[in-house]
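A quick write-up on the structure given underneath.
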Amino acid sequence: TRPGVPITLGAFCVQDYEYQTSPKIWAFPNNEANLLKTSDFTGIMGSLPILSNILGKEKESQRIISTYTVNIDEKCNRAFTIDTGVISFFGLIPLVIQKPAILVYDLSASGCVDRNFKLIRRVEIPDSFASILPAGILYMTIDFQSDNCDDIFIYITNVYANYLAVFDYKNIDFWIFKDHPSFLPDITQSFITDGDMIGVPISLGVVSVALGYPDENGDRQAYYMPSTGTEVFVVSTKILKDKSKAKDKNFHNDVKLLGYRGKNSQVSKTAVDYTHGVIFFLEYQANRIRCWNMRKPFVESNLGVSYQSPTPLYGMMIFIDSQGYMWFSKSRTGKIVGSNLHLSPNEENSVIYRIRVEDAIKGTVCENYTNE
C-alpha cells in the first residue's frame, strides 16, 4: 500500500459477476478498515522501519495498512490474511504504521449484501521477529489438525528476512526457523522483466509453503522454496510443529532438497489440488503456471505448463477452491516494484482468471500417473 492506492484489500461477489465483465471491487472487510490517515505520516517520514516508530500509538485493531495475499478457509468460512503494517515508497525507507498481525474474518452468508465482514481474531506477530523487515511477511499456509476450527498451525514466511515462522493458533504461540540455506534467495536468479523495465533486481527468500497429503499421524510433507531461485525443498510438518526443533541445530538434517525447477522459474506463490494430487507454481519470471504431480519424481521433465501468459505475469494470488477451480491473477505490479514508474489507466493492469483444475492439467505430464 502507498498513498493513492484506495484500498489494500478488495473483494467482489462471484454471484454478482457476469461472464467476461470487469467486476466492481469493493473494500474488504469494509471501507473504514482500509483508510490511511494524515496522522500516519506525521513525524515518521524517512524514519527507520522498526517497531519503535509506533510505540505509544493508539492500537487500531480494525485497520489494515498493507496486505498481499488472502487464504480462504472454506471449511470454517473464514478469511485469513497478514497485515504487514508497512507503507512503502520508492526511494524512501518503508514506514511502519502498526505492528504486523494475522487477521481472521468471518465470511458470513450476508457479507455480500452488507459489504461488511466481522473481524473475529487479530494476533500481533511477536516483536522478536516481526521487527526484522516486517514488509516481507507476506505468505501463510494453514494446516488443519482436526475438525476443530481452532486446531490449526499456520506457516508464515518472510521473503526479505528469510525465515519460516510457525503459529499455533489454538495455543496462541509462535516460534521461528531461520538461518538455513534453503530459506535464502539465489542472487544469480535475481531479476525480472516487465515491458518498460529490463533486469530490475528482485531478490526474495523463502516463499509460500505447499502441503502434501497427511499421513496416519496427521503430518504432511511441507514443500517450500526461495522465490528467487530454482530449488524446491521438503521437510515434515512433524518437525515444523515441534517448537523445540526451532532451536535444534539438527534441523538442518531434517530438510531435504527435492529437486530443481530449471532456469527462469522464480515463484511468487504455490497452490495444491488434493483431488488430482497436483502442486501449481506461479512463476513470474517465465510468465507461466507450471504443475507437478506429487506421485511423480520431482524432475524438470515432470513439470507441465498449465498456463503461459503472452504478457508479463506478476501474480501474487493463486488458490484452489472446493469446487475444483483454480483462481489466479496477473498484474502490472512488476512495473512499479523498485521504480518510480506509474500504472496507466489506459492499460489492463490487473486480471483475475478461473479455470477448472482438470482442464489446467489436461494434456500435461501432471494429468495422470502410471507406473512406467
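The values are calculated or read from the model by the stated rules, or taken from the named source; none is laboratory data. It should be emphasised that the depicted structure is a prediction, and the values quoted were computed from it without experimental measurement. Cβ sites come from the backbone with ideal geometry, for glycine too, and all protein chains shown count toward neighbours.
When segment 65-105 is limited to residues that are assigned to a loop (DSSP other than H, G, I, E, B) and under 19 Å from Phe153 (Cβ atoms), the one that is modelled with the highest pLDDT turns out to be Cys76.
For segment 153-165, the set of residues classified as surrounded by 22 or more Cβ atoms within 10 Å (Cβ to Cβ) and on the phi < 0 side of the Ramachandran plot consists of Tyr155, Ile156, Thr157, Asn158, Val159, Tyr163, Leu164, Ala165, listed by residue number. Restricting to segment 226-243, name every residue that is at pLDDT 95 or above and of a type outside the set (D, E, K, R). Passing the criteria: Val232, Phe233, Val234, Val235, Ser236, Thr237, Ile239, Leu240. Scanning segment 116-132 for residues that are buried (at least 20 other Cβ atoms within 10 Å of the Cβ), part of a loop (DSSP other than H, G, I, E, B) and not aromatic (Phe, Trp, Tyr) gives a single hit, Ile125. Does segment 271-295 hold any residues that are surrounded by 17 or more Cβ atoms within 10 Å (Cβ to Cβ) and either among the β-branched types (Val, Ile, Thr) or more than 21 Å from Asn71 (Cα to Cα) (or both), and which are they? Correct list: Val272, Val278, Ile279, Gln285, Ala286, Asn287, Arg288, Ile289, Trp292, Asn293, Met294. Within segment 115-139, residues that are modelled with pLDDT under 85 reach partners that are assigned to a helix (DSSP H, G or I) and not aromatic (Phe, Trp, Tyr) with beta carbons closer than 6 Å, at six or more positions or on different chains, in the pairs Ser131/Leu51. Within the group Leu313, Leu282, Leu257, which residue is at pLDDT below 95, of a type in the set (A, V, I, L, M, F, W, C) and assigned to a strand (DSSP E or B)? Of Leu313, Leu282, Leu257, the one residue that is at pLDDT below 95, of a type in the set (A, V, I, L, M, F, W, C) and assigned to a strand (DSSP E or B) is Leu282. Applying the set (1) closer than 23 Å to Val234 by Cβ; (2) assigned to a loop (DSSP other than H, G, I, E, B) to Ile142 leaves exactly one unmet item: (2).
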